[in-house]
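The values are calculated or read from the model by the stated rules, or taken from the named source; none is laboratory data. Here the structure is a predicted model, which means the values were calculated and not measured. No Cβ is skipped: glycine too gets one built from the backbone with ideal geometry, and neighbour counts run over all protein chains shown.
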Amino acid sequence: MDLDLGPQTSEHAWQATTGLVVSGFFFLLPLPVIAVLASREDPARWGAVEYTGLVIMGFVCLGLPIVFWTTAYRRSGSRVLVFLKGIVYQERFRTRRITWDEVASLRSRVTQRDGPTDGPYRPIMHEHTLTSRSGEKMMLTHGLSDIWGLLAVLEQKVVETLLPIAIADYRAGDAVAFGPLSVNMLGISKGGALLPWEELDHVHISGDSVVNGSLVVRKRDKTLPWAAVDLGKVDNYRVLLELLRKRREAELGPDAK
């Protein structure tokens, strides 16, 4: 059914089922303690706040495993197939497909909790939302194998598709929106503020990493950023960076340093 998408280039299987099942059992562990506390022989010593807290803890310990196990069942066997002309997400109960020329935006959030070292308690969490022009959404997360490789493909295809459109809109004098940021012939805007091109120093990703990253806009001769926006709120940030690079090359010439 996917012959019209051309040859398949990669496959990314869902691999977090075991972790979700184990996590569900982990949240069941406090239940015996809660049951013992709730059946104390002297309930008069317990106030409404204490009993309410026990009830809430009980619901949490019962509810979270159900959520984890339901997700594990629904996602088990899921896989993402990448083709030359599009992407397919096969889940247990549905299959979604978006061709690259239908893509309207890619929004990526990659986070990691603070801590002294890497490890199982500081996993890197991925959430990449691909949206088509018709409004179809496809969310791809860290449960998929080789999520970094998949992200690289997504960014490449989005740039190939949307950069020519962004350049054409910019040259036509239209504002090109990237979530809270936009660019036009006058400069770069955020909210109601405009930074003229002649005052722009550069735009970069904080720390040169997309993990917990922000898109930082710097003004010439200023120490503090003119704007810093969470990457997870910026649509097509790679397209924005490429558009700015090409604009600078056109302004300064190919031999500019």
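Consider PRO164 carefully, then state whether it is in the same structural domain as VAL229 (by TED's automatic domain parsing), more than 16 Å from LYS246 (Cα to Cα) and either surrounded by 12 or more Cβ atoms within 10 Å (Cβ to Cβ) or modelled with pLDDT of 95 or more (or both). No: the conditions fail for PRO164. Scanning the stretch 210-229 for residues that are surrounded by fewer than 16 Cβ atoms within 10 Å (Cβ to Cβ) and without any contact (Cβ under 8 Å) to a residue 60 or more places away in the chain yields a total of 6. When both residues are 6+ apart or on different chains and their Cβ atoms are under 6 Å apart, which pairs have a first residue that lies in the stretch 117-137 and is over 30 Å from LEU162 (Cβ atoms), and a second that is exposed (fewer than 13 other Cβ atoms within 10 Å of the Cβ) and at pLDDT below 95? From residues that are over 30 Å from LEU162 (Cβ atoms), the pairs are ARG122/ARG113; ARG122/GLY115.
Just one of the listed residues (VAL153, VAL158) is under 16 Å from the mean Cα position of the chain (by Cα), assigned to a helix (DSSP H, G or I) and under 30 Å from LEU194 (Cβ atoms), and it is VAL158. Exactly one residue out of ALA152, ALA172, ALA193 is surrounded by fewer than 12 Cβ atoms within 10 Å (Cβ to Cβ) and assigned by TED's automatic domain parsing to the domain that holds SER108, and it is ALA152. Per the listing ARG74, ARG107, ARG92, ARG113, the residue uniquely under 23 Å from ASP146 (Cα atoms), of a type in the set (D, E, K, R), in contact with a Ser or Thr (Cβ under 8 Å, 6 or more places away or on another chain) and at pLDDT below 90 is ARG92.
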